[in-house]
Amino acid sequence: MKGSVIIVSWKYEKDGYTVVKTCAWSPPGDHPVGCGLRLYVKDGKLVKVEGDPAHPITNGRLCPRCLALTEYIYHPQRIIYPMKRDKADRGKDKWTRITWDEAYDMIEKNVTEIKAKYGPESIFSVIGTGRDMWHTVPFVTFGALGSPNFSYIHSGWSCYGPRCSITVYTMGAGYPEIDYAAQFQEDRFDNPEYKLPECLIVWGKEPLKSNADGLFGHAIVDMMKRGTKLIVVDPRLTWLANRAEYWLQLRPGTDAALALGMLNVIINEDLYDHEFATKWCHGFEDLKKRVQEYPPEKVAEITWVPKEKIIAAARFYANAKPASISWGLATDQKPNGVQHAHALCALMAICGNIDVPGGVLLGAPSFAAPMWWGWDSLPPELQEKRLGAKEYPAVSTAISTVQPDLPLDAMETGKPYPLKMSWVMSSNPIACPTAAPQRWDKAFKNLDFNVVCDLFMTPSAASFGDLFLPVAAFPEKDGIVATHYGSITMFLGAINKAIQVGECKSDDEILLELGKRLNPSVFPWNNIEEFLDWELDQYIPGMKFAELREKGWALPPWQYKKYEKGTQTFDQKPGFITPTGKLELSSTLFEQWGEDPLPYYEEPPYSPYSTPELAKEYPFILTTGARSWVYFHSEQRMVKSLREIHPDPITEIHPDAAERLGIKNGDWVYIENMFGKAKQKAKLTLGIDPRVVHSEHAWWFPEKKAEGPNPSGVYDANINNLVPHKHIGKLGFGAPYKCMICKVYKAEA
Ligand SMILES: Nc1nc2c(c(=O)[nH]1)N[C@H]1C(S)=C(S)[C@@H](COP(=O)(O)OP(=O)(O)OC[C@H]3O[C@@H](n4cnc5c(=O)[nH]c(N)nc54)[C@H](O)[C@@H]3O)O[C@H]1N2
Ligand SMILES: Nc1nc2c(c(=O)[nH]1)N[C@H]1C(S)=C(S)[C@@H](COP(=O)(O)OP(=O)(O)OC[C@H]3O[C@@H](n4cnc5c(=O)[nH]c(N)nc54)[C@H](O)[C@@H]3O)O[C@H]1N2
Ligand SMILES: [Mo]
């Protein structure tokens, strides 16, 4: 494309439209690649959306959710003014419109009273997945509300956090991401510094749909076109699995065993990189001993993957130079997730793929600093009160949140102290992240004051909200996209305001306005632009937002093999920031925290092997939540053009299993276990093992009334009814969202 792209200013007139170039980032939900867009505005209204072909990563490609942007933004159900409701009317559709000033007054009054009576720690905030909120919500919590309890209430922190934290502990660096040449502005794959991976393992991830956390999924297709071969580790036959050299169709939740089995083959057949394993790694000999417990025969029994395939895939990966591993959410969503992640790090490391061209790239030597903004403004005695700070150091050292299961415990038991107020900003707690959602619902209803900042009347807001603050979508705000939430900034993009809708404000505007009211010394910025200048300075020192906006994006400086150059350590010596200065295959910190320092396999808490009696009644393994092309979690169910593509919640089941149960394609079925049930539509597919089913997550029905104990039908299809509270790993990470058990039977139509 060299030379064919004309660089234009971020805002220009064309054919009677004002065109604004911008980068996408939530809302609507999106994981930060910062897709490039051109927004066409007429008479102050967004009328058309186009991909920006000049964008260095997405090159004009857009997902269906961006293409449906006008429908989403101007949806008649969108809430565009602040609203309040009497506490006595929770669960009823009795909201009244108020002004922003009244809303801030209401917050100030409640916060002041609650802090005086119960202490600042009785307030907690709730964030959702990675949006451009990973500085906003912590900053609101620590800086404005003055509480140490910032939370993400997905049991066991079962998303991204485990992968990130364990890499901080074992490599002293943020999340290793596959090198898809995103750091090179032009002719990416042909850059002389770059090498195409010969083999890419896609493990528990569906990047074409998810584009998760800064990975542009379609880059994998670009790489395949140039010759990269895949190994896909997934219980479901995905588009990529269908085109892979090896598809390892494992039993959900057994990943750690499979990874250890592959390490067994690679080490015993001497296929590893001796220099890297001895010079840069700590604990290779211990790992070598450990993997002897996982011979391929045994691993085949555990995982249901044939022994020959395990061996062949291990050889294929180890012999490929370079090779890369893209690890997905399935890594985190089980109590054994930390060990799985650690074993994958070992696979990356001992085969010499760390921070090499076409391998996996290391981030900066700390994870997502923005999530700590405002933390220093809290007095030490309050910092110590953060829920789980002492019991779960593996969570609280790398991440600024509480351990996610603890707010429910505190709300239900009053221990270690009672919670009284919540601030929910970018989460739909009862529809999506929580396990045992009805318990969370009840607990939220018992609080004194709940604030929800969202765009739509979610079931959560309908059930327990007292104050609703309407939030601006990305075309309605200025902001910055930083890939990997500021920890691996391969790409910085400008989000440019094109329109105003109702009285909606961006999350950062709410942060600044509230911060200035409640704790002005921590919020010196006079407007958003000053705040963005300060934010940008931390990624590229000296750069101003106005400059980024004119350029459209910036690619911060990048280096391979940083551990050789001393840029990963504080004293500039080569190595890694870990207690041993090496990449730890055996983790000294895990040991210090009472966990096995080496990776190991543990059966899921419920399975045909760990709970054989229960499995007689609930014979299927249940995995959940594989992503949809058109939805981002619980969003967009009200967007007609997207709902037409994906109208109902789907449970995938093998035709043989379905036939035995008298279930036909398209029948409504119940998925049920000892914790609860959900009703979804059966989809028969050969792409799943007859002993496994997959059910979608995050369903609610905006067409149903947002009232009563089951607002908008949030519990009808909710697969998290079947996931128990706090079945987590020793370090506080990982819950069995993708490895439960269940039965399936036909439901009424
Ligand atoms: N069973 C099962 N459950 C799962 C999963 C699974 O795989 N299986 N996946 C889990 C994972 S990985 C995650 S991360 C969680 C996600 O959990 P959440 O992030 O809580 O889920 P969402 O449904 O996306 O809720 C986000 C809400 O925030 C609003 N919103 C979107 N963008 C913004 C914004 O920028 N600002 C504000 N203020 N609001 C915004 C949306 O309208 C929506 O109502 O769900 C988890 N739940
Ligand atoms: N369109 C869209 N994009 C999204 C989101 C969304 O809701 N919609 N959510 C965002 C968020 S918060 C996240 S965390 C990411 C997640 O995105 P990904 O990391 O891609 O994760 P999933 O789509 O949950 O699951 C990926 C694959 O894991 C497989 N799987 C299920 N169980 C197991 C198992 O036990 N082992 C293995 N190896 N594989 C298993 C599933 O079959 C599925 O194909 O996506 C982000 N992007
Ligand atoms: Mo997530």
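A few comments on the model shown:
- Output for segment 621-654, where each listed residue is open to solvent by 10 Å² or more (accessible area, probe 1.4 Å) and of a type in the set (A, V, I, L, M, F, W, C): A626, W629, F632, M638, I645, I650
- The number of residues in segment 651-687 that are acidic (D, E) and part of a strand (DSSP E or B) comes to 2.
- Scanning segment 388-443 for residues that are polar (S, T, N, Q) and touching a strand residue (DSSP E or B) at 6+ places or on another chain (Cβ under 7 Å) returns S400, T401, S422, S426, S427.
- Restricting attention to segment 346-363 and to residues that are surrounded by 21 or more Cβ atoms within 10 Å (Cβ to Cβ) and in contact with an Asp or Glu (Cβ under 7 Å, 6 or more places away or on another chain), the residue that is nearest to I123 (Cα to Cα) turns out to be L362.
- Given (1) of a type in the set (V, I, T); (2) under 18 Å from L329 (Cβ atoms); (3) within 14 Å of ligand 1 (Cβ to nearest atom); (4) modelled with pLDDT of 95 or more, number of the condition I220 does not satisfy: (3)
- Lone unmet requirement of (1) closer than 22 Å to I510 by Cβ; (2) touching an Asp or Glu at 6+ places or on another chain (Cβ under 7 Å) for Y72: (2)
- Residues (within 26 Å of the chain's Cα centre (by Cα) and hydroxyl-bearing (S, T, Y)) located in segment 646-677: T651
- Matching residues in segment 96-133 - criterion: being more than 18 Å from C453 (Cβ to Cβ) and either of a type in the set (G, A, S) or within 16 Å of ligand 3 (Cβ to nearest atom) (or both): A116, G119, S122
- Just one of the listed residues (K309, K289) is more than 18 Å from I201 (Cβ to Cβ) and out of contact with any Lys or Arg (no Cβ under 9 Å at 6 or more places or on another chain), and it is K289.
- When residues of segment 514-539 are limited to those that are within 28 Å of T58 (Cα to Cα) and hydrophobic (A, V, I, L, M, F, W, C), the one surrounded by the fewest Cβ atoms within 10 Å (Cβ to Cβ): W534
- Residues of segment 711-723 satisfying the condition of being buried (at least 19 other Cβ atoms within 10 Å of the Cβ) and not small (G, A, S): P711, V714, Y715, N718, I719, N720, N721, L722, V723
- Members of segment 328-380 found to be among the hydroxyl-bearing types (S, T, Y) and in contact with a His (Cβ under 7 Å, 6 or more places away or on another chain), listed by number: T331
- Among the residues of segment 716-749, those identified as part of a loop (DSSP other than H, G, I, E, B), in contact with a strand residue (DSSP E or B) (Cβ under 8 Å, 6 or more places away or on another chain) and in contact (Cβ under 8 Å) with a residue 40 or more places away in the chain are A717, N718, V723, Y737, K738, C739, A747, E748, A749.
- Strands (runs of 3 or more DSSP E) within segment 437-513 that include 2 or more residues open to solvent by less than 10 Å² (accessible area, probe 1.4 Å) and within 16 Å of ligand 2 (Cβ to nearest atom): none
- Wholly enclosed strands (runs of 3 or more DSSP E) of segment 216-329 bearing at least 1 residues more than 12 Å from ligand 2 (Cβ to nearest atom) and surrounded by fewer than 22 Cβ atoms within 10 Å (Cβ to Cβ): 229-233, 246-248
- Tally of residues being outside any helix (DSSP H, G or I) and under 22 Å from S9 (Cβ atoms) across segment 528-541: 1
- When G542, G566 are checked against the criterion of being open to solvent by less than 10 Å² (accessible area, probe 1.4 Å) and small (G, A, S), a single residue qualifies: G566.
- Residue satisfying all of: in segment 24-62; away from ligand 3 (no atom under 16 Å from the Cβ) and under 19 Å from the mean Cα position of the chain (by Cα); nearest to D507 (Cα to Cα) among these: A24
- L196 part of a loop (DSSP other than H, G, I, E, B), open to solvent by 20 Å² or more (accessible area, probe 1.4 Å), away from ligand 2 (no atom under 11 Å from the Cβ) and farther than 30 Å from E301 by Cα: yes
- Within segment 729-749, the set of residues being of a type outside the set (K, R) and within 16 Å of ligand 2 (Cβ to nearest atom) comprises G729, F733, G734, A735, P736, Y737, C739, M740, I741, C742.
- Segment 297-320, subset in contact (Cβ under 8 Å) with a residue 12 or more places away in the chain and charged (D, E, K, R), residue farthest from A257 (Cα to Cα): R315
- For S586: the one exception among (1) open to solvent by less than 50 Å² (accessible area, probe 1.4 Å); (2) in a helix (DSSP H, G or I): (2)
- Here S210 does not fit the description of being small (G, A, S), open to solvent by less than 20 Å² (accessible area, probe 1.4 Å) and either within 16 Å of ligand 1 (Cβ to nearest atom) or without any contact (Cβ under 8 Å) to a residue 40 or more places away in the chain (or both).
- Pair list, Cβ < 6 Å and 6+ apart or interchain, from segment 572-588 residues that are within 13 Å of A349 (Cα to Cα) to residues that are in a helix (DSSP H, G or I) and open to solvent by 70 Å² or more (accessible area, probe 1.4 Å): S586/D286
- Matching option when the condition is of a type in the set (V, I, T), open to solvent by less than 50 Å² (accessible area, probe 1.4 Å) and closer than 22 Å to A462 by Cα, among I114, I73: I73
- Segment 364-384, subset under 23 Å from T170 (Cβ atoms), in a loop (DSSP other than H, G, I, E, B) and open to solvent by less than 50 Å² (accessible area, probe 1.4 Å), residue modelled with the highest pLDDT: A364
The values are calculated or read from the model by the stated rules, or taken from the named source; none is laboratory data. Computed from a predicted structure; not experimentally measured. Every residue, glycine among them, receives a Cβ derived from its backbone with ideal geometry; neighbour counts consider all protein chains shown. Note: areas computed on protein heavy atoms with side chains; ligands, DNA, RNA excluded. Shrake-Rupley method; radii C 1.70, N 1.55, O 1.52, S 1.80 Å.
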